[in-house]
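**Student:** Sharing a structure with you now.
The values are calculated or read from the model by the stated rules, or taken from the named source; none is laboratory data. In this text the structure is predicted, and so the values were computed from the model without any measurement. For neighbour counting, all protein chains shown are included, and Cβ atoms are generated from backbone atoms with ideal geometry for every residue, glycine included. We work out accessible area using only protein heavy atoms, side chains counted, and drop any ligands, DNA or RNA first. Shrake-Rupley method; radii C 1.70, N 1.55, O 1.52, S 1.80 Å.
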Amino acid sequence: PIILKGHEGGVEFAAWSPDGERIVTASLDMTARVWHADGAGDPIVLTGHGYTVESAAWSPDGARIVTTSYDETVRVWNADGTGVPLILKDHAEMVVSAAWSPDGKRIVTASIDNTTRTWLLDISDLRQALRDATNDCLTVEQRQTYLGEGESAARTGHEACERSHGRAPSTP
């Protein structure tokens, strides 16, 4: 067998990626880890939950992972470990499981607070709403972090935003 070692606490959950090439695990050590299924290389460690990570699920396209925790939150991560996770807070007690809709735009969560919640996660709609919500322009770094843009696209987007509000783009 291939043995995946690295968690510092018991492993609560494991799931295959849609392409069968990766595995995500959820642990008592408050982390989730993304492994190559063949055991090669080091895992990507997803940290940020304040308590046990109870479950994890892959988005249908394999690009994102949702994790649930006893800390009453749900986190949506880029599967490659980049960026900042989206944190979903609304449950009153530990969240024990989550699943993606087939189109990858929604997540359903289950909690011991006696509720199930459905979250809309259409990232393209969210990005456009962020762009439309203010005449303040996100910096290049903010565009990379919050909109998931590469450096070149973030710079171009920042400059276009500044121009659209009649301002000269600042150069960092």
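**Student:** Mind jotting down the distance between the C-alpha centroids of segment 24-61 and segment 145-171, whole Å?
**Tutor:** Cα centroid to Cα centroid, the span is 33 Å.
**Student:** About the Cα centre of segment 1-160, how large is the charge dipole given +1 on each Lys and Arg Cβ and -1 on each Asp and Glu Cβ? Please answer in debye to the nearest 20. Provide the component values of the computation, followed by the final result.
**Tutor:** Details: 13 positive and 24 negative charges, 26 e Å.
The calculation lands at about 120 debye.
**Student:** Where a ≥ b ≥ c are the square roots of the eigenvalues of the C-alpha gyration tensor, would you call segment 4-74 rounded, which needs a/c under 1.5, or, failing that, prolate if a/b is larger than b/c, or oblate?
**Tutor:** Details: a/c = 2.19, a/b = 1.30, b/c = 1.69.
Judged from the Cα gyration tensor, segment 4-74 comes out oblate (a/c at least 1.5, b/c at or above a/b).
**Student:** Okay, moving on. Using mean Cβ contacts within 10 Å as the protection proxy, how do 69-80, 3-14, 95-106 order, highest first? Write out the running numbers ahead of the final one.
**Tutor:** Numbers: 69-80: 20.2, 3-14: 13.3, 95-106: 16.7.
Packing order, densest peptide first, comes out as 69-80, 95-106, 3-14.
**Student:** Here's something else I'd like to know. Considering only protein heavy atoms, with the full assembly of protein chains and a 1.4 angstrom probe, order TRP35, TRP16 by accessible area, largest first. Provide the component values of the computation, followed by the final result.
**Tutor:** Values: TRP35 15, TRP16 160 Å².
Result, largest first: TRP16, TRP35.
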